[in-house]
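Everything on this sheet refers to the single structure shown next.
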């Protein structure tokens, strides 16, 4: 006699299989619609191809979860006390300070990048970051590369901030790395939800 848990699992598996079979015939159509939407937004082909690969993995039933019984612990870790290398400030010339700056502060009542929130003595998070980079360059005599990983939502505000307050940093090549966007999909049908814009990743 089957237990309640076994019956629930069987019903879940049947429901998933039916849902999965329903999705497959329209898979290519859904990919095409998603690609078209991304192309209209000017998303790079490499990002569109990455989305297609992820989408195919999703509809194939791949959850992305790695079962715990398939992984093994690291046999040995190097302890900080055992590191004998001496600090070398010359390595800063090959170093990049990359700041994640893609989030809006909507949860805090803002309509702009949360890094533009004032935190101390009139300085924002971006002020502190810019000053940290400039101080590091001056102290060690190395032109440490600085980059921001912005989103489509924070790019304009952030770049305007740097053009106004830190024009030298703003003029540097490669200051901004822009995150991509992907369509929002219905969790049940995997169809594109046209009432929503593209979402960041």
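The values are calculated or read from the model by the stated rules, or taken from the named source; none is laboratory data. For clarity, every value in this text was computed on a predicted model and none was experimentally measured. Methodologically, a virtual Cβ is constructed for each residue, glycine included, from the backbone with ideal geometry; neighbour enumeration extends over all protein chains shown.
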Among the candidates 151, 115, which residue alone is free of Cβ contacts under 8 Å to residues at least 60 places away in the same chain and either surrounded by fewer than 18 Cβ atoms within 10 Å (Cβ to Cβ) or under 28 Å from residue 49 (Cβ atoms) (or both)?
151
So in segment 160-180, with the set limited to residues that are touching a helix residue (DSSP H, G or I) at 6+ places or on another chain (Cβ under 7 Å) and in a strand (DSSP E or B), which one is modelled with the lowest pLDDT?
178
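Conditions tested, residue by residue: (1) exposed (fewer than 13 other Cβ atoms within 10 Å of the Cβ); (2) outside the structural domain of residue 124 (by TED's automatic domain parsing); (3) not in a loop (DSSP other than H, G, I, E, B).
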residue	(1), (2), (3)
39	yes, yes, yes
43	no, yes, no
51	no, yes, yes
58	no, yes, yes
72	yes, yes, no
78	yes, yes, no
81	yes, yes, yes
100	yes, no, yes
107	yes, no, yes
So residue 195 fits all but one of (1) touching a helix residue (DSSP H, G or I) at 6+ places or on another chain (Cβ under 6 Å); (2) at pLDDT below 90; (3) on the phi < 0 side of the Ramachandran plot; what number is the exception?
(1)
Based on what the data block shows, is residue 106 under 22 Å from residue 178 (Cα atoms) and out of contact with any strand residue (DSSP E or B) (no Cβ under 8 Å at 6 or more places or on another chain)?
yes
